[in-house]
Amino acid sequence: MIPKITAVLLFNVMVAILPVYALEKAVDSNSSGVIGPASVTVLCDNVLIRIDGPKMWTPSRIEYKGTLLGVEDSAYGTVFKFPEIGFIGTAHFLDRPDGREDVKKLEYFLDDKKLDLPGQNIKGNKFRLCKVSRILECGLDSVVELRNNCIYETTVITTGKQVPLELVYNFMHAWTPIATAVLAHSYDGNELDKTFDDAGRKEYLLKDLEWAAVYDANSCKGAVSYLITKPTVGGADFLIVNAPKVYRKYYVMSFVNQTVPAGFSGTYKMVTGFFEAPLDKWQEAARKVASELSRN
């Protein structure tokens, strides 16, 4: 018989080890039988992203040159808001847990070589995550690529029948709560130019988004996201939410109080690049990066 004190110590050691072991084990999707890693951190050049299994293998943390810009305690990816149901998204489920994302297929590639099951930390020149999934009546074919110090995100949404919606968040990025400013430009020439404070939660909207930039004066680093492709219906507006001490989070928003038509197949593609600049030069740097990204 194991002495009581020894048994307690052994139990405590096992509990301490368990979280580390759990991260190394594969995580099941909710119903599809797809297997994927619990967490993968990918570094290519100066950009690092983390992909989380509990969020249905959606990107989370974002770093540039070792500086945290995208926080992990929030949702990224695509979210639908269905009438009388609420929000259900690729990285989370808020209002109907039984309707969460069902992942059908999951593939990882590093430097064009397929990985059967990635390790927790991988490094290379190019990375690609391909995911096929479904959220209620909406099919999703998603690709996340990391290359040339840029993050490329592509989502194809398909529907077999009409789907009434209150909105879609096509891309979400939860930037650090210490970010100090945002600059966004629309395809019709309008701009949103705001400095953040921690006085309270605020929301800002810009119609017909072309690109958006956030800047952190503390690290003199920033990110620019350029909306390369969008469908001809549904629109694509920019919403940014300033939630003090939580995030400065932006969303590409479509199908606001609209119905997705039957047989719809719409492609959304965004590329995010990064920059370093002093406070008095950051907008100039952001515009330059936006111009470069527009060529993708």
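The values are calculated or read from the model by the stated rules, or taken from the named source; none is laboratory data. Keep in mind the model is a prediction, meaning the values are calculated, not measured. Because the Cβ atoms are built from the backbone with ideal geometry, glycine has one as well, and the counts that use them run over all protein chains shown.
I need the full set of residues from the stretch 35-55 which are part of a loop (DSSP other than H, G, I, E, B) and either modelled with pLDDT under 95 or of a type in the set (Phe, Trp, Tyr) (or both), in order please.
Selection gives Ala38, Gly53, Pro54, Lys55.
Tell me yes or no: at least one residue of the stretch 237-252 is touching a helix residue (DSSP H, G or I) at 6+ places or on another chain (Cβ under 9 Å), modelled with pLDDT of 95 or more, farther than 22 Å from Phe80 by Cβ and part of a strand (DSSP E or B).
Within the stretch 237-252, not a single residue is touching a helix residue (DSSP H, G or I) at 6+ places or on another chain (Cβ under 9 Å), modelled with pLDDT of 95 or more, farther than 22 Å from Phe80 by Cβ and part of a strand (DSSP E or B).
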Filter the strands (runs of 3 or more DSSP E) completely within the stretch 94-197 down to those with at least 1 residues that are exposed (fewer than 13 other Cβ atoms within 10 Å of the Cβ).
-> 102-110, 113-115, 121-124, 191-195
Taking the stated definitions as given, is Leu136 on the phi > 0 side of the Ramachandran plot, of a type outside the set (D, E, K, R) and without any contact (Cβ under 8 Å) to a residue 60 or more places away in the chain?
-> yes
Asn218 versus (1) closer than 25 Å to Lys288 by Cα; (2) part of a strand (DSSP E or B): which is the lone unmet condition?
-> (2)
Restricting attention to the stretch 120-133, report how many residues are of a type in the set (Lys, Arg) and either over 16 Å from the mean Cα position of the chain (by Cα) or on the phi > 0 side of the Ramachandran plot (or both).
-> 2
Report the residue count in the stretch 253-296 for those that are under 21 Å from the mean Cα position of the chain (by Cα) and either buried (at least 18 other Cβ atoms within 10 Å of the Cβ) or part of a helix (DSSP H, G or I) (or both).
-> 16
If we keep just the residues of the stretch 223-246 that are on the phi > 0 side of the Ramachandran plot and either of a type in the set (A, V, I, L, M, F, W, C) or touching a residue at least 60 places away in the same chain (Cβ under 8 Å) (or both), which is surrounded by the fewest Cβ atoms within 10 Å (Cβ to Cβ)?
-> Lys245
Where residues in the stretch 64-123 are of a type in the set (S, T, N, Q) and either in contact with a Cys (Cβ under 6 Å, 6 or more places away or on another chain) or in contact (Cβ under 8 Å) with a residue 60 or more places away in the chain (or both), which of them is farthest from Asn46 (Cα to Cα)?
-> Thr78
